[in-house]
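Read the structure below first, then the notes.
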Amino acid sequence: MQSIEDLLGAGGLFAEKITSFKPRVQQIEMAEQIAAVIEDQTVLIAEAGTGTGKTFAYLLPALVSGKKIIVSTGTKTLQDQLFIKDIPLLLDILSIKPKVRLLKGRNNYLCLDRYHKSALMPVSRYPENKPLFKHLKNWIHQTKSGETAELTDFIENRMMLFNITSTPENCLGSDCDHYNDCFVYKARKKALDADLLVINHHLLFADMAIKQGGFGELLPKSDVIVLDESHQIPEIASRFFSHLFSSRQCTEILNDLLAEAGEVDAAFATISEPHEQLKRALRDTLLSMSQMPERESTKRLFQTPIIIGVFDLLLHQMGLLTEALEPLVVQSTGLQNCYLRLVAMGDLLQDMMQQGEHNFIYWFEARDKYFALHKSPLEIADPLREFRAAFETSWVLTSATLTVDNSFAHFQKQTGFDEAETLLLDSPFEYQKQALMLLPKTLPEPNDFEFNPAMFAYVLPLVEKAKGGVFFLFTSHRSLQMAAYYFKDKIDKPLFVQGQGDRNQMLEDFRQAGNGLLLGAASFWEGVDVSGTSLSCVIIDKLPFAHPSEPVLKAKIEHINKNGGKAFFDLQIPKAIIALKQGAGRLIRGEKDRGVLVICDRRLTSKGYGSTFLKSLPDMKVTHEKQEAIDFLVDI
């Protein structure tokens, strides 16, 4: 076996096979350490700065080890990039042919059972859905994967996917009439013999939540688990260790019951009355919840008499429908599945109303035609430790943004990966030459009413003078909309506003324009790659502190403070630093890129904690003079 140096070093195999390849000390060091971790079956947490080449750094030692590997990525887009582009390139260079498989969550595959039942329901005859169902008749016999991504051109309303895909709750498993042709189980069966399986965090943690004891039959046993984009793990894991009761679930069970009862003699007559009563109770609950705040703790919610009344009635009607359904379960697997779901939903709703578990946060969302009750864990470290204890596996966790002030302590405490080796690698890019950071000192405080107008006027000359494109990243959609209104008539450049069209198409148009202004919020702070002169300036309006009134964050703040900690420093600042690093990371994506980073929040220089933010960012020259930044942009 060739050494990592022989593969990635100067004069090595990669330099020989790829014309544009340049050896990077950081990449070699990361790959060598991962190789050692795989051999010793230990855990490594690695932050690799932009440009390190971390994808090759973890794939290469994993592949040449000859061991069973699972690679989990942050998004389905990255998952596809690995499977379609990066892995085939590596295999070609190494001249090896392991079995590589791609597996996505079940909601990405058509469910044949639910499709056939929906085809008999009124939903298939709605004008907007007719083209889809017409196309599906032939498609189900032609598709190899059964992935709903192939149906994008025929789906007008994304909600339609709920009718033709399955969930763990409504899947009939091996009792399904279509089990042998099931796209989900075909994909899973194929995945079980993989040498290298590519998944995403949502699938990994959904499986953790369902089977705490292990992967079960969903994912194969592996020797190495690589978690790329690991900075997303705390949020995604928390979501999947949470419990949810929603109006959508109620509507789905009501619809599924109608479809299943229609296939069993006299079943509909038996359940029709309690079915209608539950439907009315849900309508009343939706109406009452529409008057509530958008997001809040359920503590006050279940002290409100009218809310207690509608949920008591909803629970009561669920119980009556469950009783009516019980004698019918022997007649149909589908009705049995609906019965079990109703029982579980009733138990969960009762728990949500009592709010009895102290290690969880109970909160709700309420919109015009939707509500959801959530039960989220205060901490995820213990469930993650439990999960990991079941496996004799090497773990590699990597991202460009894991540390706070060069320390992994916050990430390790959050995730329970306490006893792990850590590796911090700087970017190979020369930030001192390639980038300049502008920190305005003359703008108002971020909470000042005059902040937005003053900020827009301040950055206008920078936007105008920038030869390349400009990303303007916002911490709120309200500020983004104000900026869209302001810049609409102020600049001659193409203006791209998040929410006005398809995100991927907008990015492509922005790249092609070469000198556009893109206004983006949360989803543009990470996972967006625009290299070269198409992006020469990134402007960030404020430090990305999560709003302290957000119910989960609020509960965690109270919990930390009550237990002797200081939530602002232990939780809020670290979270904001990771987010800021992601946003700032959009600027320099290649060794020839040059650009200006503007952070308009004066707290970076006026508050004591500002230095912690600055020390966590790449080491670039800092100026407070706007003209210096304009000169830098003009020279690009």
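We did not get these values from a lab; they are worked out from the coordinates using the rules stated. Computed from a prediction, not measured in an experiment: that's the story for all the values here. Every residue, glycine among them, receives a Cβ derived from its backbone with ideal geometry; neighbour counts consider all protein chains shown.
Listed values, structure above:
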quantity: Qualifying lysines (Cα of each under 20 Å from Cα of residue 130; at least 8 residues distant if same chain); calculated: 117
quantity: Distant alpha-carbon pairs in the chain (separation over 41 angstrom), percent; calculated: 34
quantity: Positive minus negative residues near residue 23 (Lys, Arg vs Asp, Glu; Cβ under 12 Å); calculated: -2
quantity: Relative contact order of the stretch 431-635, pairs being alpha-carbon contacts under 8 Å that are 6 or more residues apart, as %; calculated: 37
quantity: Inter-centroid distance (Cα atoms) of the stretch 585-636 relative to the stretch 385-405, Å; calculated: 31
quantity: Computed log₁₀ I(q)/I(0) - Debye formula, equal Cα scatterers, no solvent, the stretch 419-555, q 0.11, 0.17, 0.22 Å⁻¹; calculated: -0.47, -1.03, -1.46
quantity: Ellipticity estimate at 222 nm from DSSP helix runs (n ≥ 4, -39,500 (n - 2.57)) divided over the chain, nearest 500; calculated: -13500 deg cm²/dmol
quantity: Cα-based convex hull, the stretch 106-184, per residue volume (Å³, whole number); calculated: 88
quantity: Under 13 Å, Cβ to Cβ, from residue 148 - net charge with Lys/Arg +1 and Asp/Glu -1; calculated: +2
quantity: Where GluC sites (Glu not before Pro) fall in DSSP loop in the stretch 367-428, at most 11 other Cβ within 10 Å; calculated: 392, 419
quantity: Qualifying trypsin sites (Lys or Arg not before Pro) in the stretch 471-555, DSSP loop, other Cβ atoms within 10 Å at most 10; calculated: 488
quantity: Longest to shortest principal axis, alpha-carbon extents of the stretch 1-114, angstrom; calculated: 56, 33, 28
quantity: Percent antiparallel among DSSP beta bridges (both partners in the chain, rounded to 5); calculated: 25
quantity: Cross-link pairs beyond the 18 Å C-alpha cut-off, checked among 465/615; 54/542; 67/99; calculated: 465/615; 54/542
quantity: Kirkwood hydrodynamic radius over Cα pairs of the stretch 243-377, then Stokes diffusion coefficient at 25 °C and 0.890 mPa s, in µm²/s; calculated: 160
quantity: Where GluC sites (Glu not before Pro) fall in DSSP loop in the stretch 230-317, at most 16 other Cβ within 10 Å; calculated: 263, 294
quantity: Cβ-defined net charge surrounding residue 335, 11 Å radius [Lys, Arg +1; Asp, Glu -1]; calculated: -3
quantity: Degrees separating the helix 247-261 axis from the principal Cα axis of the chain, which is the longest one; calculated: 40
quantity: Equivalent ellipsoid, the stretch 493-631 (semi-axes from 5 times Cα gyration tensor eigenvalues, Å); calculated: 31, 20, 12
